[in-house]
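Okay, structure first, notes after.
The values are calculated or read from the model by the stated rules, or taken from the named source; none is laboratory data. Nothing here was measured: the structure is a model prediction, and the numbers come from that model. Counting neighbours? That spans all protein chains shown, and the Cβs are built from the backbone with ideal geometry, glycine included.
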Amino acid sequence: MDRTGDVGGRERAVPRQPLWIEEPALRRRMPDPVRTAAVRAVLVMALTMILAMVAFLTALAGSWLSFPMVLSGVASTVVATWAVLDVWITRQVWNQRNGVVSEPSSSARALRRERRRAKRAARAARRDAGRIGRGGGAERLSRA
């Protein structure tokens, strides 16, 4: 048997499994400005960690490069802190400008359900009051 499924001169279809299965996202996607700020913060944090490791290793080795690396590590830590704050601030600003998508709580849902039931009952009562009664309709129409 070869890869095409040829068995004894006959070809048969080999079912192929999909490479991946699409699943619905559990959470909404972050807005673009917030996502770019988050990516920038992750990159700055990674660079800060690398600088800290290099500063530590150069200090252990007793290299002259140790002092400049420690200074750049401190500066990078300040920038990384600002980058993380930038994500938070950007998210707050985006929510303030574009509104927060809120999901109603279960109590709000129950109140809405009760209001809908009351409206339906009122509509049904109006509809029944406007109809001509079955037994009394003939008497009303045949006034002589």
Name the residues in the stretch 50-85 that are of a type in the set (Gly, Ala, Ser) and more than 24 Å from Val39 (Cβ to Cβ), would you?
Ala55, Ala59, Ala61, Gly62, Ser63, Ser66
Expected output for the stretch 52-65 (first residue under 18 Å from Ser76 (Cβ atoms), partner surrounded by 13 or more Cβ atoms within 10 Å (Cβ to Cβ) and among the hydroxyl-bearing types (Ser, Thr, Tyr), Cβ below 6 Å, 6+ apart or cross-chain) is Thr58/Ser66; Ala59/Ser66; Leu65/Thr58
How many residues does the stretch 55-80 hold that are under 19 Å from Met45 (Cβ atoms) and of a type in the set (Phe, Trp, Tyr)?
1
Would you say Leu47 is surrounded by 11 or more Cβ atoms within 10 Å (Cβ to Cβ), at pLDDT 90 or above, closer than 29 Å to Val34 by Cβ and not β-branched (Val, Ile, Thr)?
yes
Contacts under 6 angstrom Cβ, first residue in the stretch 86-111 being over 30 Å from Met45 (Cβ atoms), partner in a helix (DSSP H, G or I) and at pLDDT below 85, 6 or more apart:
none
